[in-house]
Amino acid sequence: MLHELPTEIALYIASYLPLQSLRNISLVSRAWHGLITANVQAVYRKAAILHRFVPHTDLQADSSGQKPDTKKIDWFQLCQRRLQIERGWRGKAPSIARELNSTGKFVHRIKVDQKKKFVMTTRHHGGLSVTDYDTDCVLWAATHVTDYAHCEYDHGYIILNRHDDSKEVWRYARDFQDSEIPEVFKPDESMINASHEAAQRHASPTNHGHFRPWAHLHMPEPTRAFRFSYPTLLSAGANYAYLWDVPTSRLVETISNIQAPNQDGTLGTLCYVEVNDQYAFFCGSNQLRIFARGGGALVYHLCMKDLQRINWDVLPDNSDDPCPSSLFQPQRLHEAYHVSSTSPSTFVAAHVSTSGKDIAVLTASGIFIWIPGFERLFHREVTLSDIATFLNFSASRSDVRDTSVYLALGESNEKAAIATRKGLFIVSLDPEISKLTAEAPRRPGLSVCRIAKYDDNRYLSSISCLQMTDTGLFFNWYPSLEQSRPSQPARRMMVIPPPHHGHLPVPIQIMPPPQPQPQPQHTNQVHAPIQIVSAVGLEGQGDHLPGLDPIESSDDDETGEDVVPDPPSPTIVEEAGPPPLVETYEEEEVEIDGGDLVVDEDTDDSEMEEAEDETIDDLQFGGDGKWLSCHCEFLI
């Protein structure tokens, strides 16, 4: 019997067991139950590593006792919470939606810092505000920011565009001293005056949520789209792309001839850009191109004609029985062959994973492409059809050109959020995580959920920003046309997150923007406030981890959250139909991130007000395996 082995060997064997197996052997064997109970922290630390619940850098910090802002990790609690979060994203646990009012009525762009627990938003009519998303209070705001400003954020740096094509860089006030500001491209007088005004208006002893000017970058030429992934800012023009090191305010690289014709033509109209420390990605109306940094060589390009015609249609699944209190409805994936459409399409967004090994791509016609290990394509080790998965989010083959609205990619948990004119969807991308922590999906190994109550195509078309964090989805919702009606109060931002514990946010958060507004590419739309939806709670004994019954879990452990960049915001159009997605500008950049959220567009104001009255405080997970409470302004 395995339990008769020396303890060290038995624990070594247990380190390769997924959570479900740990629970099962604890239930059927007293000896294994005693072994796991006596070594609970060691067992579940190995399980957390196996499931990739904690980044490697955090493990190193924890082992050295230097993990910032958190207590020593309780590995049993961590695995318990992470498992529940995973189930929440997949519609197996409750979801909660709430709205943020303080963000204002006309949200254009959204950025979220989950560690610091605040949301940054720009509005149609100008201005930048930072809101605490727990208390829904404005922490800091600058009024000088231009109308429809696009916003990028990472590692405490905010980057905003001006109408003169220069870029303002602001940095979290608590992270630096004025003496550290680089000598080149220093902030100009307007930024300094705006900073003094904002500091006086929002005086605070802690400066939580406050930002101060860092740099004013001047582009070598007019540029069309920009993206910031710390420490690099990529700003692309008609035929050149410029890469800046933001902490030092230096232009470190120029990629030339991004439009150079090849056997398949040119890049086409630039729609979106992405960057990491190895590559620069360009989405055009004709091709997706990947250039290597440190020389600017074109290493790969993808054309619409290269996309395979056999893909997986995303369809409703009436046979599944989801958690009744979940906003996420599992979808059915049907393998089908599609004849090439005569309607032209474009690559509207691409995101590279945190690991740098995988990319997610979205086309205007609603085709989502997940390419794990994309570098293998460069050397022709594999073909696209060998490694890529194609999901089709177009309900029909007619009128599919402008199906897609926005794409967002999660960081640590391999999720993607997709907004289309037909719905909001969450894609769980990692088959290994599926096998370890949830019901393993059938082919193609990915699972898709739809957010159940957000399906009004008038509002979906107006989403101008969508951001996905580890535990939530943020987007703007409700067009300004609805808000402008005297009988209808202004809608607020909404967040939908899955379960959380302590400092771990609930899995899904959704933030609706102010009245619908055009994305940076569009110019005539207005957005409503942000909404947040959370998924929470373990249900019954089946959700317990091994050793849960005999071992009381602690509520004292805390875990930090990862910061995820946000996508652009929506616009309001008084004419029928959504604005086009093709023409993209820097301030109108479009992104897409993952998340399982759906907003109910048909809910009237009285119903919304009644729902807002149903609140619970401080969601926590206790030793009995049940969610004790949660706080939300809008509970679905």
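A few comments on the model shown:
- Applying the criterion of being touching a residue at least 60 places away in the same chain (Cβ under 8 Å) and not in a helix (DSSP H, G or I) to the residues of the range 9-52, the residue that is surrounded by the most Cβ atoms within 10 Å (Cβ to Cβ) is His51.
- On the stretch given as the range 112-136, residues that are β-branched (Val, Ile, Thr) and in contact with a helix residue (DSSP H, G or I) (Cβ under 9 Å, 6 or more places away or on another chain) total 1.
- Residue count, the range 150-165 (criterion: surrounded by fewer than 24 Cβ atoms within 10 Å (Cβ to Cβ) and under 15 Å from the mean Cα position of the chain (by Cα)): 1
- Subset of the range 221-241 (residues that are within 15 Å of Gly296 (Cβ to Cβ) and in contact with a strand residue (DSSP E or B) (Cβ under 8 Å, 6 or more places away or on another chain)): Thr232, Leu234, Ser235, Ala236, Asn239, Tyr240, Ala241
- Pairs, first loosely packed, with under 12 Cβ neighbours inside 10 Å in the range 243-263, second assigned to a strand (DSSP E or B) and not small (Gly, Ala, Ser), C-beta under 8 Å, six or more apart: Thr254/Tyr240; Thr254/Tyr242; Thr254/Leu243; Ser256/Tyr240; Ala260/Leu298
- When the range 237-274 is filtered for residues that are closer than 19 Å to Phe185 by Cβ and part of a strand (DSSP E or B), the ones remaining, listed by number, are Tyr240, Ala241, Tyr242, Leu243, Trp244, Asp245, Arg250, Leu251, Val252, Glu253, Thr254.
Matching residues to (1) within 30 Å of His150 (Cα to Cα); (2) at pLDDT below 85:
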position	(1), (2)
Met1	no, yes
Glu4	no, yes
Pro18	no, no
Ala31	no, no
Gly34	no, no
Ala38	no, no
Ile73	no, no
Gln84	no, no
Glu99	yes, no
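- Flag if Lys116 is within 30 Å of Phe228 (Cα to Cα), surrounded by fewer than 20 Cβ atoms within 10 Å (Cβ to Cβ) and modelled with pLDDT of 90 or more: yes
- Filter result (assigned to a strand (DSSP E or B) and either surrounded by fewer than 21 Cβ atoms within 10 Å (Cβ to Cβ) or modelled with pLDDT under 95 (or both)) within the range 285-296: Ala292
Residue by residue, here is whether (1) surrounded by fewer than 17 Cβ atoms within 10 Å (Cβ to Cβ); (2) of a type in the set (A, V, I, L, M, F, W, C); (3) farther than 23 Å from Pro182 by Cβ; (4) without any contact (Cβ under 8 Å) to a residue 60 or more places away in the chain holds:
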site	(1), (2), (3), (4)
Gly209	no, no, yes, no
Ala215	no, yes, no, yes
Ala225	no, yes, yes, no
Leu233	no, yes, no, no
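- Matching option when the condition is buried (at least 24 other Cβ atoms within 10 Å of the Cβ), among the acidic types (Asp, Glu) and either at pLDDT 90 or above or in the same structural domain as Asn276 (by TED's automatic domain parsing) (or both), among Glu414, Glu432: Glu414
- Val352 in contact (Cβ under 8 Å) with a residue 60 or more places away in the chain and either in the same structural domain as Ile258 (by TED's automatic domain parsing) or touching a helix residue (DSSP H, G or I) at 6+ places or on another chain (Cβ under 9 Å) (or both): yes
The values are calculated or read from the model by the stated rules, or taken from the named source; none is laboratory data. The structure displayed is predicted, hence computed values, not measured ones. Neighbour counts run over all protein chains shown; Cβ positions are idealised from the backbone, glycine included.
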